[in-house]
Amino acid sequence: MKKCLLIVLLLVMFLPIVSACWNQKELTDLAFIMALGIDRGKDKKFHLSVQIVNPGNVSTGLTGGGQGLPIVVYKSVGNTLTEGARNLTKQISRRLYYAHTNLVVISEEVARTDMLDILDALDRDPEFRTTTELVIARNSSAEELLSNLSHLDKLPVTKITKEIKVTEKMLGENMHISVDDILASLVSNGKQPVINGVKLIGNKDEVGKSDFLQKTKPDAIATVDGLAIFRSGKLKGWVDQKDARGVVWILNKVESTAINVNWNSKKNALS
């Protein structure tokens with residue numbers, strides 16, 4: 001009897017090991033979403049944009065072998081963020097995979113009215129990482145920012161996240177702000193979130209065109225610009241340049257910066 005019980009116990013202990021890869025996901029069946037954009041259309045619905053990486057084109061480079069662009073941007077519409085994401089499956093032959101999303105871009109209109117709903121949806125998604133950077137599209141749409149190509153970085157999403165890091169380290173007018181940071185500010189007494197702004201400078205009509213990469217002077221550049229100020233989960237306004245640096249300074253996030261001083265009757269003579 002004891003021998004039978006021992007055998008049964010051993011079999012039960014081995015069950016977790018023999019389960020194998022029951023929930024495996026093949027790389028060829030996944031669409032890796034690197035950036036997520038959320039706009040509000042004239043139909044009052046959410047217009048969802050996703051920047052999906054093309055691994056083959058990234059590995060071979062932009063100029064090698066005529067392999068095409070490293071990313072593709074798809075767009076769908078829905079009454080909610082979840083509905084919009086589900087509607088994307090009509091256009092994409094692979095399963096959407098959000099675990100590698102590095103950036104979320106939200107338009108100003110959405111930030112003024114639906115920010116709390118968006119954060120709630122992102123926080124509840126078991127696959128989405130709340131350490132992802134979140135920015136506000138300033139004077140442009142989230143779709144335009146996601147579609148804008150970059151000369152120096154193969155993936156446009158990398159350009160924006162790196163810009164924020166470099167600006168935080170060298171200028172002090174912006175700082176890394178994740179979804180987690182925003183949620184923590186919302187639930188803290190006496191504290192309101194601030195979020196980096198990103199805008200397009202130049203000709204927006206040229207955004208997303210492949211011949212853009214053949215020019216030494218870009219037609220449109222995505223640039224980090226200012227901090228969005230929130231109150232009760234809604235966008236209330238912007239602070240720029242010295243005022244933005246003051247906010248970052250108060251939050252003790254400035255690593256280094258430059259300050260101009262007057263000298264010999266000349267204004268801003270020295271840095």
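Beta carbons closer than 8 Å, at least 6 apart along the sequence or on distinct chains, never pair a first residue in the range 122-139 that is without any contact (Cβ under 8 Å) to a residue 12 or more places away in the chain and more than 7 Å from Val179 (Cβ to Cβ) with a second that is surrounded by 13 or more Cβ atoms within 10 Å (Cβ to Cβ) and small (Gly, Ala, Ser). Return a yes/no flag: does the range 164-177 have any residue that is among the hydroxyl-bearing types (Ser, Thr, Tyr) and either in contact with a Leu (Cβ under 6 Å, 6 or more places away or on another chain) or in contact (Cβ under 8 Å) with a residue 12 or more places away in the chain (or both). Scanning the range 164-177, I find at least one residue that is among the hydroxyl-bearing types (Ser, Thr, Tyr) and either in contact with a Leu (Cβ under 6 Å, 6 or more places away or on another chain) or in contact (Cβ under 8 Å) with a residue 12 or more places away in the chain (or both), so the answer is yes.
Taking into account only those residues within the range 201-218 that are surrounded by 16 or more Cβ atoms within 10 Å (Cβ to Cβ) and either over 21 Å from Ala35 (Cα atoms) or among the hydrophobic types (A, V, I, L, M, F, W, C) (or both), which is modelled with the highest pLDDT? Looking at residues that are surrounded by 16 or more Cβ atoms within 10 Å (Cβ to Cβ) and either over 21 Å from Ala35 (Cα atoms) or among the hydrophobic types (A, V, I, L, M, F, W, C) (or both), I get Pro218. Of the residues examined, Thr158 is not one that is part of a helix (DSSP H, G or I), under 29 Å from Ser232 (Cα atoms), out of contact with any Cys (no Cβ under 7 Å at 6 or more places or on another chain) and polar (S, T, N, Q). A single member of Val110, Val72 is among the β-branched types (Val, Ile, Thr), out of contact with any Gly (no Cβ under 8 Å at 6 or more places or on another chain) and not in a strand (DSSP E or B), and it is Val110. Looking at Val194, Val198, just one residue is buried (at least 19 other Cβ atoms within 10 Å of the Cβ), closer than 20 Å to Leu149 by Cα and either modelled with pLDDT of 80 or more or under 21 Å from the mean Cα position of the chain (by Cα) (or both), and that residue is Val198. Only one entry of Val179, Val224, Val239 meets the criterion of being under 30 Å from Val72 (Cβ atoms), β-branched (Val, Ile, Thr) and in contact with a Gly (Cβ under 8 Å, 6 or more places away or on another chain), and that entry is Val224.
Go through Ile92, Ile160 for me and flag whichever is β-branched (Val, Ile, Thr) and surrounded by fewer than 19 Cβ atoms within 10 Å (Cβ to Cβ).
From the options Ile92, Ile160, the qualifying one is Ile92.
The values are calculated or read from the model by the stated rules, or taken from the named source; none is laboratory data. As the structure is a prediction and not an experimental result, all values here were calculated from the model. With ideal geometry, Cβ positions are generated from the backbone for all residues, glycine too; neighbour counts draw on all protein chains shown.
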